[in-house]
1. What number of residues in segment 16-72 are at positive phi and within 20 Å of the chain's Cα centre (by Cα)?
2. Looking at Ile74, Ile4, Ile88, which one is surrounded by 11 or more Cβ atoms within 10 Å (Cβ to Cβ), aliphatic (A, V, I, L, M) and out of contact with any strand residue (DSSP E or B) (no Cβ under 8 Å at 6 or more places or on another chain)?
3. Mind checking which residues of segment 56-96 are touching a Leu at 6+ places or on another chain (Cβ under 8 Å) and either among the hydrophobic types (A, V, I, L, M, F, W, C) or in a loop (DSSP other than H, G, I, E, B) (or both)?
4. State whether the residues of segment 161-172 include one that is out of contact with any His (no Cβ under 6 Å at 6 or more places or on another chain), over 20 Å from Phe13 (Cβ atoms) and surrounded by 15 or more Cβ atoms within 10 Å (Cβ to Cβ).
5. I'm trying to understand the selection: among the residues of segment 179-196, which are under 25 Å from Ser37 (Cβ atoms) and of a type in the set (A, V, I, L, M)?
6. Quick check on my filter: what residues within segment 26-77 are farther than 26 Å from Arg199 by Cα and hydrophobic (A, V, I, L, M, F, W, C)?
7. Under the condition of being within 25 Å of Trp99 (Cβ to Cβ) and touching a residue at least 24 places away in the same chain (Cβ under 8 Å), which residue from segment 113-143 is surrounded by the most Cβ atoms within 10 Å (Cβ to Cβ)?
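Values quoted throughout were computed directly from the atomic coordinates according to the rules given, and no laboratory measurement underlies them. Predicted model, so just to flag it, every value in this text is computed and none were measured. Glycine also receives a Cβ, built like all others from the backbone with ideal geometry; neighbour counts cover every protein chain displayed.
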Amino acid sequence: MFTIYHWIFLAGFAICLISCLVQFFKVILSGLPKDFSHPLGKTLPAIFYSFTGAMSPTKKETAYLHLPTYTAGIIFHIGTFWGLFYLIVLFFNIQLPEWLGYSSTVLLIISAICGLSILIKRRIVSKLRNLSNPDDYISNILVTGFQILLAVTILNNQILTVLLIYSTVLFLYLPIGKLRHTIYFFTSRIHLGFFYGWRGVWPIRKHNT
C-alpha cells in the first residue's frame, strides 16, 4: 500500500525524469556538429567504438595511469545502478530471494567504500582539490549516502520511509548538479565518435609491423 512518502518519491522522480528528458532531447535535436573539413573516415563505426573500445582503460590516459581510482569508479557506478534497481524492488515491495538481498548489501557496502575513497582522494590530492567545487563533493556524498542507506534498508525495511525521502532529494538534485552527467555521457560519446570518426582516427586500426 502506497503511503504519502511513496507519492512524494514518485513526484520527485517524475520531476527528475522530465527534466533529464528535456535536457537530453535538447542536445539530440541540436544535431551532430557541422564539420566542414573533408571526411577521412566513417562516423558510425567510430561512434560504436566510442561506447566500447574507447572506454577501455588501456585507451584512456586518465584510466591506465590511475587504475585503482578507475576500478573504484567502475565499482561505484555498478553499485549505483544496482542500487536504483533495488530501490524499485523495495518501492513495490517485490519479494526476492534472501541471498540476493544479502549479496546486494555486500555489493552496496563495497561500492560505498569505493565512493568514499574517491571522495577522500579528491580532498587530499592537491591537484584534484584545486579543480573541485562544492558540487563535486555534494554529488559524491549524495550517491554514497544513498548506497549506505539502501544497504541498511535491505536489512531493515522499517526505515524505507527514510530511504524514500533521501532518494527524492537525490532525484531532485540529479538534473541540476554534476550527477546530470548521466544524461550527457551518451551525447558526449556520440559527439566524440563523430569528431574522431570524421577524421579517420577512430576506430583505432592495428597496423602490421
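1. At the first step, the residues of segment 16-72 found to be at positive phi are 31.
Right, trim to within 20 Å of the chain's Cα centre (by Cα) and you get none.
Count: 0.
2. Values: Ile4 fails: surrounded by 11 or more Cβ atoms within 10 Å (Cβ to Cβ); Ile88 fails: surrounded by 11 or more Cβ atoms within 10 Å (Cβ to Cβ).
Just a single option satisfies the conditions, and that option is Ile74.
3. Ile78, Trp82, Leu87, Val89, Leu90, Phe91 - these are the residues of segment 56-96 that are touching a Leu at 6+ places or on another chain (Cβ under 8 Å) and either among the hydrophobic types (A, V, I, L, M, F, W, C) or in a loop (DSSP other than H, G, I, E, B) (or both).
4. Initial filter on segment 161-172 (out of contact with any His (no Cβ under 6 Å at 6 or more places or on another chain)): 161-172.
After this cut, where a residue has to be over 20 Å from Phe13 (Cβ atoms) as well, the list is none.
No, the conditions are met nowhere in segment 161-172.
5. Ile190, Leu192
6. Leu65, Leu67, Ala72, Ile74, Ile75, Phe76
7. Going through segment 113-143, the residues within 25 Å of Trp99 (Cβ to Cβ) turn out to be 113-115.
When the remaining residues are screened for being touching a residue at least 24 places away in the same chain (Cβ under 8 Å), the result is 114-115.
Working: Cys114: 23, Gly115: 25.
If we take residues in segment 113-143 being within 25 Å of Trp99 (Cβ to Cβ) and touching a residue at least 24 places away in the same chain (Cβ under 8 Å), then Gly115 is surrounded by the most Cβ atoms within 10 Å (Cβ to Cβ).
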